[in-house]
Every structure is written in C-alpha cells, then in structure tokens.
Amino acid sequence: MSMLAAAWTWIAGSRLGRAVGALALAAAAVGLAFLQGVSRGRLQERVRRDQIALDAVREIRRVEDRVARLPRDEKVERLKRWSRR
C-alpha cells in the first residue's frame, strides 16, 4: 500500500483523521481567500497608480494647450518672469 493510500485511509477511516482533514480543507480555503484578496489589492493599487498617471498627462496637455493659445509676446514675457526666479 502506498503512503498516499495509507494517509487517505487514515483520514477517511478515523474520527481524528476526518477532523484533521476538515481542518486542512478549512485552512486551504482561508489561504485561497487570502491570496485572492492580495491579488485583488494589487490590481486595485495598479489601477489607482494608472489613474494618477492619466490625470497627470491630462493636466500636462491642458497646460500645454493653454500656453499654445497665448500670444507670442505673452509667452516671451512669462518665460522671462519664470526664468528670473
């Protein structure tokens, strides 16, 4: 009889074995739920960081568009003020 078959016979055939088997199944279920939670948390964090990056790109584009619409003289004047700081 193989070792696996002997272990299965003990788990299925005794009250203590059934209790150990039930505890092992419960521990496996808790472990699986924990790992799924960790995975979901990582995904949410990645989505949050991507949203922050997207917002930054949108702000850059908004400022670039606003500056592009300024008259040339205003751009030169603002650049001079900014470079003096």
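Go ahead and estimate [θ] at 222 nm for the chain from helices alone: -39,500 (n - 2.57) per DSSP H run with n ≥ 4, summed, over the residue count, rounded to 500.
-32500 deg cm²/dmol
Can you send over the carbon and sulfur percentage of the accessible area for the chain, probe radius 1.4 Å, protein chains only?
63 percent
Could you check which residue among Arg72, Arg58, Arg42 shows the biggest mean-square fluctuation in a GNM of the chain with a 10 Å Cα cutoff?
Looking only at Arg72, Arg58, Arg42, the biggest GNM fluctuation is shown by Arg72.
Between Glu74, Glu45, Glu64, find the one with the highest GNM mean-square fluctuation for the chain; connect C-alpha pairs within less than 10 Å.
Glu74
Would you work out the charge dipole size for the chain about its Cα centre, treating the Cβ of every Lys and Arg as +1 and the Cβ of every Asp and Glu as -1, and quote it to the nearest 20 debye?
560 debye
Efficiency by 1/(1 + (r/R0)^6): what FRET value for Val76 and Arg49, r their Cβ-Cβ distance, R0 = 35 Å, to the nearest 0.05?
0.40
With the other protein chains left in place, how much accessible area per residue, in square angstrom, belongs to the chain at a 1.4 angstrom probe?
93 Å²
Along Cα→Cβ, 7 Å out, is where each label goes; now give me the distance between the ones at Val67 and Arg18 in nm to one decimal.
Spacing of the two 7 Å Cα→Cβ label points: 7.5 nm.
What nm distance separates the two modelled labels at Ala6 and Arg58, each placed 7 Å from Cα along Cα→Cβ?
6.6 nm
Which one, Ala7, Leu43, Ala28, is farthest towards the positive end of the dipole of the chain when Lys and Arg carry +1 and Asp and Glu -1 on their Cβ?
Leu43
The values are calculated or read from the model by the stated rules, or taken from the named source; none is laboratory data. What you are looking at is a predicted structure, and each value in this text was computed from that prediction instead of being measured. Note that each Cβ is placed from the backbone with ideal geometry, even for glycine, and that neighbours are counted across all protein chains shown. Heavy atoms of the whole protein, side chains included, go into the accessibility calculation; ligands, DNA and RNA do not. Shrake-Rupley method; radii C 1.70, N 1.55, O 1.52, S 1.80 Å.
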